[in-house]
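The values are calculated or read from the model by the stated rules, or taken from the named source; none is laboratory data. Since the structure is predicted, the reported quantities are computational estimates derived from the model, not experimental observations. Glycine also receives a Cβ, built like all others from the backbone with ideal geometry; neighbour counts cover every protein chain displayed. Heads up: the accessible areas ignore ligands, DNA and RNA and are worked out on the full protein's heavy atoms, side chains in. Shrake-Rupley method; radii C 1.70, N 1.55, O 1.52, S 1.80 Å.
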Amino acid sequence: KYLPKKACAILEIGSGPGTLALWLSAQGHSVTCIEPASKPARLALERGLKVIQCRLQDFEDAGKYDAVLAISSLIHIPKNEIAAQIGKIASLLQPDGVVFMSFI
């Protein structure tokens, strides 16, 4: 609902095996996955997705994204680092970009 109708660049933080990223890609979006765990990262790669195996804290990208998704993945960030990492997420967005975060 909140994504632009046109194809857009999406960053998924903690993508797991890439289920959502695969669906978004099928909708025409360009998805970059960040997944620190080796097994899910490998599964996402096998599905043909662009995967960077690292933690958000170690992710470096000069690009800007139309959307950043973090679905129950920021729970793994220590509380004293959350503010800095949310700032990092904001810096990765296009000026009119959207963020979706969920927490458990």
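Quick check on GLY63: is it open to solvent by less than 80 Å² (accessible area, probe 1.4 Å), touching a helix residue (DSSP H, G or I) at 6+ places or on another chain (Cβ under 9 Å), under 25 Å from ALA26 (Cβ atoms) and not in a helix (DSSP H, G or I)?
Against the criterion (open to solvent by less than 80 Å² (accessible area, probe 1.4 Å), touching a helix residue (DSSP H, G or I) at 6+ places or on another chain (Cβ under 9 Å), under 25 Å from ALA26 (Cβ atoms) and not in a helix (DSSP H, G or I)), GLY63 does not qualify.
List pairs: first residue in segment 7-35 and free of Cβ contacts under 8 Å to residues at least 60 places away in the same chain and of a type in the set (Val, Ile, Thr), second residue in a strand (DSSP E or B) and open to solvent by 40 Å² or more (accessible area, probe 1.4 Å) anywhere in the structure, Cβ distance under 9 angstrom, at least six positions apart or on different chains.
ILE10/SER30; VAL31/LYS50; THR32/LYS50; THR32/ILE52; ILE34/ILE52
Given the structure, is LEU45 free of Cβ contacts under 8 Å to residues at least 40 places away in the same chain, among the hydrophobic types (A, V, I, L, M, F, W, C), part of a helix (DSSP H, G or I) and open to solvent by 60 Å² or more (accessible area, probe 1.4 Å)?
yes
Based on this model, can you work out whether PHE103 counts as hydrophobic (A, V, I, L, M, F, W, C) and under 12 Å from the mean Cα position of the chain (by Cα)? Outline the logic, then answer.
Details: hydrophobic (A, V, I, L, M, F, W, C): yes; under 12 Å from the mean Cα position of the chain (by Cα): no.
Here the answer is no, as PHE103 does not meet what is asked.
Across segment 43-66, what is the number of residues that are small (Gly, Ala, Ser), in contact with a strand residue (DSSP E or B) (Cβ under 8 Å, 6 or more places away or on another chain) and modelled with pLDDT of 95 or more?
The total comes to 1.
Name the residue, out of LEU69, LEU11, that is open to solvent by 20 Å² or more (accessible area, probe 1.4 Å), at pLDDT 95 or above and not in a helix (DSSP H, G or I).
LEU69
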